[in-house]
Amino acid sequence: MHLSLLLVTAALLPGAVAHTIFAQLTAGGKTYPVSYGILNPSYDGPQTDVNSKNMACNGPPNPTTPSDKIIDVTAGSTVQAVWRHTLQSGPNDVMDAGHKGPVMAYLKRVANAKTDSGVGNGWFKIQEGGYRNGKWATNEVIDNKGNQAIQIPKCIANGQYLLRAEMVALHGARSTNGAQLCMECAQLNITGGTGTASPTTYSIPGIYKSNDPGLLIDIYSMKTTSPYVIPGT
Ligand SMILES: [Cu+2]
């Protein structure tokens, strides 16, 4: 009886146990170990309250642990945020393919990447993918073995940064706070930047609203050609 109840519950909540974690980073041709230089949670659950400070670099109910490592990255290079269903999963277990939505990446300059929580102002978006020809960016990452390609801008100043990579699942987004936002922050030291740009920055939380058209949406009514507005400036 208990087993059948569990099966019914699972059927009503597609993918509820199939979230995802930005588990490790590939940079400069090297894939670092899981959790190396990443503020990682022990659980792969999403954040759903866009006004929570946990929207910055994750947090309760997913306990997070900062790493004592910082990853050196060259400005202008392309890194890969590597997504996995759990910290133990391999490249064929990235996320339930029924989790469909946009993919984004942001940077924030910080004084100390090992200790900064990421909460508050200073974030600027450096990469995004939405909905193209009927395919969601999350499914592109799944098809790419969990790799999210992110080019680090050449024009930014050298220094320590948090890199916030994010996958959003919209299967439940017809109701307010139904979107599932999965994000983690990597701790970077960026060199080789020209420092010629000073991007406009935004606060996280604050950059998203619960009624953003890209977060409060019925994706099942969309056509191949439907427009989609990626959240976040
Ligand atoms: Cu999920």
So GLY193, is it surrounded by 16 or more Cβ atoms within 10 Å (Cβ to Cβ), over 22 Å from THR48 (Cβ atoms) and in contact with a Pro (Cβ under 7 Å, 6 or more places away or on another chain) = no
Taking segment 174-198 and keeping only residues that are of a type outside the set (A, V, I, L, M) and modelled with pLDDT under 95, one is left with SER198
Only one of (1) more than 16 Å from the ligand (Cβ to nearest atom); (2) modelled with pLDDT under 95; (3) over 17 Å from ALA113 (Cβ atoms) does not apply to ALA18, and that is (1)
Qualifying residue in segment 137-151 (condition: within 28 Å of VAL110 (Cα to Cα) and surrounded by fewer than 15 Cβ atoms within 10 Å (Cβ to Cβ))
yes
Taking first residues from segment 182-194 that are touching a residue at least 60 places away in the same chain (Cβ under 8 Å) and under 13 Å from TYR161 (Cβ atoms) and second residues anywhere that are within 16 Å of the ligand (Cβ to nearest atom) and not small (Gly, Ala, Ser), the pairs with Cβ under 8 Å that are 6 or more apart or on different chains are CYS185/ASN58; ALA186/PHE22
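Counting just the residues of segment 59-87 that are without any contact (Cβ under 8 Å) to a residue 24 or more places away in the chain and more than 14 Å from the chain's Cα centre (by Cα), which one comes out nearest to ASP44 (Cα to Cα)? So that I can check it myself, show each step before the final result.
First, the residues of segment 59-87 that are without any contact (Cβ under 8 Å) to a residue 24 or more places away in the chain: 59-63.
Within this subset, residues satisfying the condition of being more than 14 Å from the chain's Cα centre (by Cα) are 60-63.
On the way: PRO60: 11, PRO61: 10, ASN62: 7, PRO63: 10 Å.
For segment 59-87, the residue satisfying everything is ASN62.
So is GLY178 closer than 30 Å to GLY90 by Cβ, within 16 Å of the ligand (Cβ to nearest atom) and not acidic (Asp, Glu) or not?
In short, yes.
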Of the residues in segment 163-175 that are surrounded by 24 or more Cβ atoms within 10 Å (Cβ to Cβ) and among the hydrophobic types (A, V, I, L, M, F, W, C), the one that is farthest from the ligand (Cβ to nearest atom) is LEU163
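The values are calculated or read from the model by the stated rules, or taken from the named source; none is laboratory data. Please read these numbers as outputs of a predicted model, since none were measured by experiment. FYI the Cβ positions are ideal-geometry reconstructions off the backbone, even for glycines, and counts take in every protein chain you see.
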